[in-house]
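Encoded as structure tokens, the structure appears first; notes follow it.
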Amino acid sequence: AGKCGACGPGYPSPLEAMKGNLPAGPREQLLYLPCIYRNTGIDIPDFLATVDVDPSSPHYCQVIHRLPMPHLGDELHHSGWNACSSCHGDPTKTRNLLVLPSLISSRIYIVDVGTNPRAPKLHKVVEAAELSRKGNAAFPHTSHCLGSGEILISCLGDPAGNGKGSFILLDGETFEVKGNWEKGGKIPALGYDFWYQPRHNVLLSTEWGVPRILAQGFRPEDVEKGHYGRHINVWDWSSRSLLQEIDLGPGSVPLEIRFLHDPAASQGFVGCALSGEIQRFHKTPEGNWAAEKVIEVPSKKVQGWLLPDMPGLITDILISLDDRFLYFSNWIHGDVRQYDISDPKNPRLVGQVFLGGSISKGGAVTVLEDRELQDQPEPCVIQGKKIPGGPQMLQLSLDGRRLYVTTSLFSAWDRQFYPELIREGSVLLQLDVDTDKGGLAVNPKFLVDFGKEPGGPCLAHEMRYPGGDCTSDIWL
């Protein structure tokens, strides 16, 4: 996957990726997911699962390989590539290594998925001490490959667990820590996700919270104390300096940020977890950056839950490669939504499906007031299994027709909000997407149950394909 003769990894453009004009074609056959045991009471290492998602395979919907990490308690989380479509013009580069930061231990694992894609093996471990010594950074989160061949990783904090929105640069060949990406000056108080757009000389980053606070679980009073984020941070790409902080309001907690895939685009979207808003960010005629709310998921008035007002908790968003549809998950309410963003200022809801969540009929929560639904949704049952947790991480097939969903957010928060995830493990589901008019439907034939793992129930998180996907590839 990802080879085309004289060019480098990936595809020349997002639309070419969508068509799959390479020998491998657009249909994903394997999927890699980190599986977490931290906070589950099971004392074994996290592992990288390889799942067969080829419907013609005898192993369809099965975990065909498990690569355990050498240490306990890492909290594997998100992943990226050593090379992607940002290196497409460089024939010396190959997308053959998965970069796997650990959110809690601060180790970064480099995994060889090129030698045998069906049985990845550990290539290198970058120790937390390296991040600390060379960058005073810890809690690595998002990893993106750069056109330079380097790897850029955002961090949530410093080694003491305080918030600090800095970045680490890795050499793309040796994976040595080169130091901080930012060139001194002001650094945001918090870090999380990021996306870069070199044609506009910009990198935008978001803010989750103070690592030592959020690692213990969620407490509403920590939001009031300012321990959670509220800004999109605007960086000058070439000088690597912080230019602007766009305030999205108290209690917004902006998490995943996505530019439109068109490399010339000067706009995109960010999901604000706690305020339940999707904000559209854009470059203004004056040359600075601004944001406006374009979608709001209203809180529901409830009984039998942590708070009387229940937010949707938007935890993941993604955009189809043709920049036509925006998808996001409400981890607490339990729904995945599809919006037509042909007019980015006015998104239209065209698909919605409930996959578990906290307001299903027959559960502990009673909804007293709901601005969106007439009734509480039915529980989601697939192949006789009632789905635990709520929809969280999303990944879309390159052709836009299949949306994969996992149900674990972060082990400490899983344990707090969905204790059944700790007992039963999370699941991997697939939604069929109508790419014509819009629409989502659960695929009843697809279920990977991580409650049945040999080591006991575990928490599966973010998904990657060997050939690249909608959230790892950036085009220059």
Q: Would you grab the residues whose amide H sits under 5 Å from the one on LYS164? Only those 5+ places off in sequence or on another chain, please, with H modelled 1.01 Å from N.
A: GLY157, ASP158, GLY191
Q) Around ILE382, which amide H atoms from residues at least 5 apart in sequence, or from another chain, sit under 5 Å from its own amide H, with H modelled in the peptide plane? A) ILE387
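Work out the length of the dipole vector of segment 136-189 about its Cα centre, built from +1 on the beta-carbon of each Lys and Arg and -1 on the beta-carbon of each Asp and Glu, and round it to the nearest 20 debye. Don't skip to the answer; put the middle values down first.
On the way: 4 positive and 6 negative charges, 57 e Å.
With only Lys, Arg, Asp and Glu charged at Cβ, the dipole is about 280 debye.
Just in segment 390-460: which trypsin sites (Lys or Arg not before Pro) are loop by DSSP and have at most 10 other Cβ atoms within 10 Å? List each step's numbers first, then the result.
Details: sites: ARG401, ARG402, ARG415, ARG423, LYS437, LYS445, LYS452; in loops: ARG401, LYS437, LYS445.
Passing sites in segment 390-460 are LYS437.
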Q: Just name one of SER79, GLY312, HIS333: the one whose Cα is farthest towards the positive end of the charge dipole of the chain (beta-carbon charges, Lys/Arg +1, Asp/Glu -1).
A: SER79
Q: Please tell me the relative contact order of the chain in percent, rounded to the nearest whole number, where contacts are Cα pairs under 8 Å and at least six residues apart.
A: 13 percent
**Q.** In order through segment 109-118: 3J(HN,Hα) via Karplus (6.51 cos²θ - 1.76 cosθ + 1.60), integer Hz, x for Gly, Pro
**A.** 9, 10, 10, 7, 10, x, 4, 9, x, 7
(Q) Checking the a/c ratio against 1.5 first, then a/b against b/c, what shape does the Cα gyration tensor give for the chain? (A) rounded
Q) So which aspartates and glutamates can LYS361 reach, going by Cα to Cα under 17 Å and dropping same-chain residues fewer than 8 places off? A) ASP335, GLU369, ASP370, GLU372, ASP375, GLU378, GLU420
Q: Please get the size of the charge dipole for segment 377-434, origin at its Cα centre, with Cβ charges of +1 on Lys and Arg and -1 on Asp and Glu, quoted in debye to the nearest 20.
A: 180 debye
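Could you list the trypsin sites (Lys or Arg not before Pro) in segment 46-138 that lie in coil according to DSSP, counting only those with at most 13 other Cβ atoms within 10 Å of their Cβ?
ARG118
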Q: Just name one of LEU243, ILE232, GLN383: the one whose Cα is farthest towards the positive end of the charge dipole of segment 134-460 (beta-carbon charges, Lys/Arg +1, Asp/Glu -1).
A: GLN383
Q | Interchain or long-range residues, amide H under 5 Å from HIS77's placed H | A | LEU103
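Using helices alone, I'd like the mean residue ellipticity at 222 nm for the chain: each DSSP H run of four-plus residues gives -39500 (n - 2.57), total over residue count, nearest 500.
Numbers: 6 runs with 36 residues, N = 476.
Helices in the chain give a 222 nm mean residue ellipticity of -1500 deg cm²/dmol.
Carbon and sulfur atoms: what percent of the 1.4 Å accessible area of the chain do they account for? Mind showing how you got there, number by number?
Details: 8050 of 16560 Å².
In the chain, the share of accessible area belonging to carbon and sulfur is 49 percent.
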Q) Residue by residue, what Karplus-based ³J(HN,Hα) values in Hz, rounded to whole numbers, does segment 124-138 have, using 6.51, -1.76 and 1.60 with θ = phi - 60° and x for Gly and Pro? A) 7, 10, 9, 7, 4, 4, 5, 5, 5, 5, 9, x, 6, 10, 7
Q. Assigning unit charges at the beta carbon (Lys, Arg +1; Asp, Glu -1) and nothing else, what dipole magnitude in debye, to the nearest 20, does the chain show about its Cα centre?
A. 460 debye
Q) Picking from LEU431, ALA137, VAL448, whose Cα lies most toward the positive end of the charge dipole for segment 134-460 (charges on Cβ: Lys, Arg +1; Asp, Glu -1)? A) ALA137
**Q.** Rounded to whole Hz, the Karplus (6.51, -1.76, 1.60) HN-Hα couplings of segment 53-67, x for glycine and proline
**A.** 10, 8, x, 8, 8, x, 9, 3, 6, 10, 6, 9, 7, 10, 10
(Q) Just to confirm my numbers, what's the Cα centroid distance between segment 150-219 and segment 370-420 in Å? (A) 28 Å
Q | Estimated inter-spin distance, ALA364 and SER56, nm [label 7 Å along Cα→Cβ] | A | 4.7 nm
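The values are calculated or read from the model by the stated rules, or taken from the named source; none is laboratory data. No experiment lies behind these values; they were computed from the predicted model shown. In this analysis, Cβ positions are derived from the backbone assuming ideal geometry, glycine residues included, and neighbour counts consider all displayed protein chains. To get the accessible areas, we keep the full protein, side chains included, count just its heavy atoms, and leave off ligands, DNA and RNA. Shrake-Rupley method; radii C 1.70, N 1.55, O 1.52, S 1.80 Å.
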